[in-house]
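One structure is given below, encoded as structure tokens.
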Amino acid sequence: MIIDIAQNGPWDKLKEVLWLSTHSMEKYEASPAKAAAFQLAQLRVTAAKPAACVMAHARNEQMAGVAALEPSDWESKIYRFLMGKISILLAVGTYTEQLHSYHALLAELETRARAGGLRHLACRVDTRDTAQVHSLESAGFLLMDTTLEYLWKPGLLTPEPPPKWIIRPHQAEDLAPLTKIARTAFTDRMKTRYAEDSHLPLEQTRELYAEWLLESCRGTFAHVVLVAEAAGKPIGFQTYKIDEEFFKATGVALATFGLGTVLSEQRGQRIFPSLLRAVVRWGEGQGVTLSRGRVVVHNLPMQRACQRSGAYVGATFHTFHKWLGSGRPALPCRGVPSGKVSNGQCHSDV
Ligand SMILES: CC(C)(COP(=O)(O)OP(=O)(O)OC[C@H]1O[C@@H](n2cnc3c(N)ncnc32)[C@H](O)[C@@H]1OP(=O)(O)O)[C@@H](O)C(=O)NCCC(=O)NCCS
């Protein structure tokens, strides 16, 4: 049975399922009780958002699963159609019981999403949750990326070699060159999930990264943007945000890496490991004890840069997308050489 928690509660019963998520937070060194309290607080925030929903699946009068759907307002503005994300999807029990809960929850979420006019859904899943992966696949979601989550502790940073470049907070004059770098760094040779999704036009995806960088510099998406500079010019950057809500709920001072890159002609000189260390040190100055950043599994240069700076892998995720719109193919275009498509529907053609 599906229960609309946002409408009818019972909120306290969700703890029967939310304890599951505490396993995935062990790596952040939050106590299970505080991690569950954080998730519950997050769910309450989600439920209060317009057009969001929080659903539970009950089996034999016990809570068996929980799911939350919320609109992705910022992405919707960039792509100019309504998009949403499944921010929590959890189920307890055996593989078969979990499948049952996930199927029921996903069917309900999709009905709600369609009724709300959403045309695109995203869902990130811990790679250990096989039942969730299989449920998303059978519900028509497509795999867009697999990422490794790296963790940094100030005490584990590798030594910094003698500096050959300056690393400093961004300045107003950096905005134009940094935006130019951001526009192509994540969509060309190295592609993220937005760039892999054939339903998301490439030009808007480039705009998304340019805007992400600008919002980070404005302080909306980041607390700091550190810039690597050589010969008076910015040659790379990294954005970084302190997870204030997580700290309030758990007492763990965690922060998250956002966008980071180095100009293609400057790569291979160990600039990025220096930037990573500088950002972790900046966080340390603010009291941050643990930093995290996700890297696409096939982005080998980035894996090397993370490892070289002293990071270790703490978790692994898959991200799935589902296109709910009509009149466009439900599957990516097939049989067309990369970068050239004939029907004008794939992002690589834009
Ligand atoms: C990932 C990235 C930031 C690394 O920056 P960097 O300053 O080149 O980092 P490093 O110098 O430590 O190089 C990292 C690895 O890439 C290799 N490499 C990649 N491009 C290279 C190039 N053009 N010349 C030489 N080496 C290169 C290096 O050999 C190194 O591996 P190694 O340590 O085994 O020798 C950069 O490649 C980049 O901006 N990529 C595109 C955007 C991106 O992927 N951002 C991260 C998103 S999560």
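Read-outs: derived from the displayed coordinates by stated rules, not from any lab. All figures in this text were calculated on a predicted structure; none of them were measured in a lab.
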Item to check | Crossing angle, helix 32-47 versus the chain [Cα axis fit, 0-90 degrees, rounded to tens] | outcome: 80
Checklist entry - Percent relative contact order of region 2-140, based on C-alpha pairs within less than 8 angstrom and at least six residues apart? => result 21
Item to check | Average projected area [Cα convex hull, the chain], square nanometres | outcome: 18.0
Checklist entry - If the limit is 18 Å between Cα atoms, which of LYS49/LYS85; LYS180/LYS233; LYS27/LYS85; LYS153/LYS191; LYS34/LYS248 go over it? => result LYS27/LYS85; LYS153/LYS191
Item to check | Semi-axes of the equivalent ellipsoid for region 2-140, Cα gyration tensor, largest first, Å | outcome: 23, 17, 16
Checklist entry - For the chain, modelled as a GNM with alpha-carbon contacts under 10 angstrom, which of ALA315, ALA255, ALA91 fluctuates the most? => result ALA315
Next on the checklist: No solvent, one uniform scatterer per C-alpha: report log10 I(q)/I(0) for region 150-316 via the Debye equation at q = 0.09, 0.11, 0.17, 0.21 1/Å, two decimals.
Outcome noted: -0.28, -0.43, -1.07, -1.58
Next on the checklist: Between region 13-46 and region 153-185, what is the separation of their alpha carbon centroids in Å?
Outcome noted: 34
Next on the checklist: As I understand it, the value is the acute angle between the Cα axis of helix 271-285 and the longest principal axis of the Cα atoms of the chain; what does it come to in degrees, rounded to 10?
Outcome noted: 70
Item to check | Three-way shape label, region 172-257, alpha-carbon gyration tensor, a/c 1.5 | outcome: oblate
Next on the checklist: To test your reading of the geometry: what angle, between 0 and 90 degrees and rounded to tens, separates the Cα axis of helix 15-24 from the longest principal axis of the chain?
Outcome noted: 30
Checklist entry - Pick from ALA68, ALA172, ALA104: which residue has the top mean-square fluctuation in a GNM of the chain where Cα pairs under 10 Å get a spring? => result ALA172
Next on the checklist: Can you work out the Karplus-derived ³J(HN,Hα) for every residue in region 305-311? Use 6.51 cos²θ - 1.76 cosθ + 1.60 with θ = phi - 60°, whole Hz, and x for glycine or proline.
Outcome noted: 5, 5, 4, 5, 7, x, 7
Checklist entry - What is the gain in length, in nm to one decimal, between THR96 and TRP19 on full extension, counting 0.36 nm per residue of separation less the C-alpha to C-alpha distance? => result 25.8 nm
Item to check | Percent RCO, i.e. relative contact order, over region 150-316, from Cα pairs under 8 Å lying at least 6 residues apart | outcome: 31
